[in-house]
Amino acid sequence: QVQLVESGGGLVQAGGSLRLSCAASGSIFSINVMGWYRQAPGKQRELVARITSGGSTNYADSVKGRFTISRYNAKNTVYLQMNSLKPEDTAVYYCWLGYVRDYWGQGTQVTVSS
């Protein structure tokens with residue numbers, strides 16, 4: 001049906017940067033919303049950023065000004081550029097696609113040290 005595969009997670013020092021990618025495959029309607037959620041140990045999953053097929057974006061207040069979401073519609077791919085990373089950004093980051101129902105990627109670990 002629809003599968004989402006994330007990449008780009010890893011270990012980085014505070015103040016550093018990472019870029020996450022998510023490629024969607026399967027039966028995908030062209031008009032949809034894609035985004036990123038994250039879940040830290042002992043915390044609830046929270047929205048990080050989302051973007052519509054038309055390019056409209058929305059960010060959590062905690063990442064606004066530091067993270068940038070973008071997408072390449074022709075390849076059903078969404079990106080998350082993360083700058084000025086903080087230890088509190090440490091979490092498993094999940095790619096998400098919304099159309100009729102929610103679809104989720106497997107998650108990629110982001111760990112920010114110091």
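The values are calculated or read from the model by the stated rules, or taken from the named source; none is laboratory data. What you see is a predicted model; the values in this text were computed from it and never measured. When we count neighbours, we look across all protein chains shown, and the Cβ atoms used for this are built from the backbone with ideal geometry, even at glycine. For accessibility, only protein heavy atoms count, side chains too; no ligands or nucleic acids. Shrake-Rupley method; radii C 1.70, N 1.55, O 1.52, S 1.80 Å.
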If I compute solvent accessible area with a 1.4 Å probe over the protein chains, what percent of it on the chain is carbon and sulfur?
47
Charges only on Cβ, +1 for Lys and Arg, -1 for Asp and Glu: so what's the dipole of the chain about the Cα centre, in debye to the nearest 20?
120
Taking only the C-alpha atoms, wrap a convex hull around the chain and report its volume per residue in Å³ as a whole number.
93
Which longest run of the chain has no exposed loop site in it, a site being trypsin sites (Lys or Arg not before Pro) in a DSSP loop with at most 16 other beta carbons within 10 Å, and the site itself not part of the run?
67-114
Please identify every one of the chymotrypsin sites (Phe, Trp or Tyr not before Pro) in the stretch 18-114 that sits in a loop by DSSP and has no more than 15 other beta carbons within 10 Å of its own beta carbon.
29
Per 5 Å bin from zero, what fraction in whole % of the C-alpha pairs of the stretch 72-114 is there, up to the bin with the longest pair?
6, 17, 22, 23, 16, 11, 5, 1, 0
Those residues of the stretch 6-26 whose amide nitrogen sits under 13 Å from the label point placed on residue 114, 7 Å along Cα→Cβ:
12-17
Using only protein heavy atoms and a 1.4 Å probe, report how much of residue 11 is accessible, in Å² to the nearest 10.
130
What accessible area per residue comes out for the chain, rounded to a whole number of Å², with a 1.4 Å probe?
54
